[in-house]
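Working notes for the structure below.
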Amino acid sequence: MPVHTVDLYVFFANDENPDANIRRFEQDLDMANRDWKGCIQFIVKGIYSSKRKRIVDAASIPATNVFKNRQIDHLIRAARYSIGYQTGIYIFYLNGDYFAEGRGKNVVGVSGTEMVDFKSSKDYEFFGRILLTNMAAGRHTLAHELGHILFKRYDARENRFIHSDPSGPYIHSETKKMDPAHNNNRKNLMFKISPSVNPVLTFEQCQVAKQCKIVQAQNEIQSNR
Ligand SMILES: [Zn+2]
């Protein structure tokens, strides 16, 4: 059985001490690999500490259109440049507990993708980016945000890119408003607020994730060497 892997590049844009940062990331990675076990394996390709001027306070970034924010845009561009525009998922640890209010209150993690090459609906390349605050520590936030990126795919029927949860949507219990990016099962990793203990994934979620362009099948990597 091929192992499906995803490359991660980690950047600390905070002023924590290096040991605490590494411990924090290892805990997040450990949870992510446990949550996605039997489906996707995350491989760390590099860990980098940002220079002093690149420290970003989450509280100064409104939680709406985060990736259009100048400071965040600069942070990501610098990171991409510094590692030669590798394909994978870029994870940034920011200073502070929460993003500034915007899309929601008390936001501790955000994710998104950016297309770098598009030849056709079957031949394209993108990279992922995740931002985490201090309050995402000890929770399944990284594993959850990774899910949003892994669900990015081209939908031939709708003729556009989507990143909806294949086992979604989340339906608000009172307003009945639907959120296609999230799951309606509180035990599922992709529930709106990621569960605190042993989140589950569905077969469909795993299947969609494995087909994501950012995922590599390990036996293919070996044959290329
Ligand atoms: Zn989410």
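What the table shows:
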| read-out | value |
| --- | --- |
| More than 15 angstrom apart: percent of Cα pairs within the range 132-225 | 65 percent |
| ³J(HN,Hα) computed for each position of the range 59-73 - Karplus, 6.51 cos²θ - 1.76 cosθ + 1.60, integer Hz, glycine/proline x | 5, 8, 10, x, 6, 10, 6, 3, 7, 8, 5, 4, 4, 5, 4 |
| Partnerless cysteines, meaning none of the other Cys C-beta atoms lie under 4.7 Å away, in the chain | Cys212 |
| ³J(HN,Hα) computed for each position of the range 140-156 - Karplus, 6.51 cos²θ - 1.76 cosθ + 1.60, integer Hz, glycine/proline x | 8, 4, 4, 4, 5, 5, 4, x, 4, 6, 5, 8, 5, 7, 8, 9, 5 |
| Solvent-accessible area of Arg77 with every protein chain in place, 1.4 Å probe, in Å² to the nearest 10 | 150 Å² |
| Calculated diffusion of the range 133-177, Stokes-Einstein form, Kirkwood radius summed over Cα pairs, 37 °C and 0.692 mPa s, µm²/s | 257 µm²/s |
| Which listed pairs, of Lys105/Lys213; Lys68/Lys187; Lys37/Lys192, have C-alpha distances above 30 Å, in listed order | Lys105/Lys213; Lys68/Lys187 |
| Listed residues Arg160, Arg139 arranged by accessible area, highest first, probe 1.4 Å | Arg160, Arg139 |
| Cα-centre dipole for the range 1-95 with unit charges at Cβ (Lys and Arg positive, Asp and Glu negative), debye to 20 | 400 debye |
| Phi-based couplings in Hz for the range 116-132 (Karplus 6.51, -1.76, 1.60; Gly and Pro marked x) | 10, 8, 9, 9, 7, 5, 10, 10, 8, 9, 9, 10, x, 9, 10, 10, 10 |
| Exposure of Phe99 as accessible area (Å², to 10), given a probe of 1.4 Å and all protein chains | 10 Å² |
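The values are calculated or read from the model by the stated rules, or taken from the named source; none is laboratory data. Just so it is clear, the structure is predicted and the values come from calculations on it, not from any experiment. Ideal geometry is used to build each Cβ from the backbone, glycine not excepted, and the neighbour counts take in all protein chains shown. Ligands, DNA and RNA are excluded from the accessible area calculation, which covers all protein heavy atoms including side chains. Shrake-Rupley method; radii C 1.70, N 1.55, O 1.52, S 1.80 Å.
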